[in-house]
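A.B. asks: Shown below is the structure under consideration.
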Amino acid sequence: MTEIRTPRLLLRRWHDDDLAPMADINADPRVMRWIDDGSVRDLDHTAEAIERWEEEWDEEGFGLFAVELLASGELAGFTGLSVPEFLPELGPAVAISWRLGSQFWGQGYGSEAAQATLEFALQDRGLDRVISISRVGDNASENVIRKLGMVLERETAHPVYGFPLRVHTIDLSEYQA
């Protein structure tokens, strides 16, 4: 089983008891504001998503990690790697992303988890390049992206919703562990 420990976090595969806390995160309009059309997600949608995330682990050798706080055992959300199939013009590509419950914002958990995931991608999984896709205006995500050392590659539009997106990238030669 793939796990990564950071000073404050455990990045791990999904457990059955992660469903309810992840569904709570997905049901928060503040969290979902920058995701797709901003709609909240229910328990069934969250269960389907976790199932897809686990399938990606099995098929690709990477996926979205559940992010657990070491101090309390609480599920804070996710971070990880996925293939951004909704933007085929970027392919082949692997994107890093994250989603944390709002009660965990502003404490550096997102940056800590994303940095560990980027290191996993470039050093453990041998990827040469990782991208990140963010909505224009999502300043919190842009801050994490800057901390990762990623640089703007291009702007594009979401193919379904039309809002502007920024694609940032980093490759192995630029990465500073």
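A.B. asks: Can you pull out the residues in the range 72-83 that are surrounded by fewer than 21 Cβ atoms within 10 Å (Cβ to Cβ) and either closer than 11 Å to Tyr109 by Cβ or within 14 Å of the chain's Cα centre (by Cα) (or both)? Full working, then the answer.
C.D. replies: Taking the range 72-83 first, the residues surrounded by fewer than 21 Cβ atoms within 10 Å (Cβ to Cβ) are 72-74, 82-83.
Residues satisfying the conditions are Glu74, Ser82, Val83.
A.B. asks: Give all pairs with beta carbons closer than 9 Å in which a residue from the range 37-48 that is touching a residue at least 40 places away in the same chain (Cβ under 8 Å) meets a residue that is surrounded by fewer than 15 Cβ atoms within 10 Å (Cβ to Cβ); count only pairs at least 6 apart in sequence or on separate chains.
C.D. replies: Asp37/Val160; Asp37/Tyr161; Asp37/Phe163
A.B. asks: Exactly one of (1) part of a strand (DSSP E or B); (2) among the hydroxyl-bearing types (Ser, Thr, Tyr); (3) loosely packed, with under 13 Cβ neighbours inside 10 Å is unmet by Tyr161. Its number?
C.D. replies: Only one criterion in (1) part of a strand (DSSP E or B); (2) among the hydroxyl-bearing types (Ser, Thr, Tyr); (3) loosely packed, with under 13 Cβ neighbours inside 10 Å is unmet by Tyr161, namely (1).
A.B. asks: Scanning the range 49-70 for residues that are free of Cβ contacts under 8 Å to residues at least 40 places away in the same chain and charged (D, E, K, R), which turns out surrounded by the fewest Cβ atoms within 10 Å (Cβ to Cβ)?
C.D. replies: Asp58
A.B. asks: While we're here: I'm told Arg41 meets every condition in (1) more than 21 Å from Leu9 (Cα to Cα); (2) surrounded by fewer than 18 Cβ atoms within 10 Å (Cβ to Cβ); (3) among the charged types (D, E, K, R) except one. Can you identify the failing condition by its number?
C.D. replies: (2)
A.B. asks: Hey, another quick one. Among (1) assigned to a strand (DSSP E or B); (2) out of contact with any Asp or Glu (no Cβ under 7 Å at 6 or more places or on another chain); (3) of a type in the set (D, E, K, R), there is one condition Glu174 misses while meeting the rest; what is its number?
C.D. replies: Tallying (1) assigned to a strand (DSSP E or B); (2) out of contact with any Asp or Glu (no Cβ under 7 Å at 6 or more places or on another chain); (3) of a type in the set (D, E, K, R), Glu174 fails exactly one: (1).
A.B. asks: Would you point out which residue out of Gly162, Gly149, Gly137 is free of Cβ contacts under 8 Å to residues at least 12 places away in the same chain and at positive phi? Working first, answer last.
C.D. replies: Numbers: Gly149 fails: free of Cβ contacts under 8 Å to residues at least 12 places away in the same chain; Gly137 fails: free of Cβ contacts under 8 Å to residues at least 12 places away in the same chain.
One residue alone meets the criteria, Gly162.
A.B. asks: Another question, if that's okay. Among the residues of the range 14-27, which ones are charged (D, E, K, R), surrounded by fewer than 16 Cβ atoms within 10 Å (Cβ to Cβ) and under 23 Å from Gln107 (Cα atoms)?
C.D. replies: Of everything in the range 14-27, just one residue is charged (D, E, K, R), surrounded by fewer than 16 Cβ atoms within 10 Å (Cβ to Cβ) and under 23 Å from Gln107 (Cα atoms), namely Asp24.
Any read-out appearing in this document is the output of simple, stated calculations on the displayed coordinates, not a laboratory observation. Just so you know, these numbers come straight off a predicted model, no measurement behind them. With ideal geometry, Cβ positions are generated from the backbone for all residues, glycine too; neighbour counts draw on all protein chains shown.
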